[in-house]
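The values are calculated or read from the model by the stated rules, or taken from the named source; none is laboratory data. All values derive from a computational prediction rather than experimental measurement. Virtual Cβ from ideal backbone geometry, glycine too; neighbours counted across all protein chains shown.
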Amino acid sequence: MPNFDQDFEATRLAMLAKQYPEVVKENGKVVFCAEDNEARLSGTRWTVEDEIFEKATESGFKVHLIELLDNFIQYRNQCSELPKKEGVVGFSDGGLNIEWLPDGSTDLSNS
């Protein structure tokens with residue numbers, strides 16, 4: 001089992017933020033979760049202004065963030081790093097951050 005790189009997620013989020021400065025300068029958050037039986041992203045809920053959501057979708061930011069979250073979930077699973085199923089990505093002032101939450105913490109996991 002590989003060792004978990006503590007900088008893996010932050011480095012990739014910083015790279016994504018540099019690619020999409022017009023999106024991450026705004027305030028928003030994305031709640032996400034993975035299925036119980038597999039290490040893959042299964043749902044997201046975006047909390048942003050409508051025009052920012054459109055900008056995130058049209059620019060490709062949304063797809064890239066979803067792919068990145070899926071990668072993070074798989075990586076944490078490979079390394080047996082907990083928590084690994086749920087969290088929140090926040091963006092504002094040009095940056096992105098991630099907070100991992102215990103399983104069952106989000107309303108997405110209870111759907």
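Can you name the residue in the range 65-111 that is over 17 Å from residue 29 (Cβ atoms) and aliphatic (A, V, I, L, M) and is also surrounded by the fewest Cβ atoms within 10 Å (Cβ to Cβ) among such residues?
Taking the candidates together, the pick is 82.
So the check is Cβ under 6 Å with 6+ separation or different chains; which pairs have a first residue in the range 88-111 that's modelled with pLDDT under 95 and a second one that's part of a loop (DSSP other than H, G, I, E, B) and buried (at least 17 other Cβ atoms within 10 Å of the Cβ)?
Partner pairs satisfying both residue conditions: 103/85.
Return the residues of the range 42-70 that are among the small types (Gly, Ala, Ser) and under 11 Å from the mean Cα position of the chain (by Cα); say none if nothing qualifies.
Narrowing the range 42-70 to residues among the small types (Gly, Ala, Ser): 42-43, 56, 59-60.
Matches in the range 42-70: 43 only.
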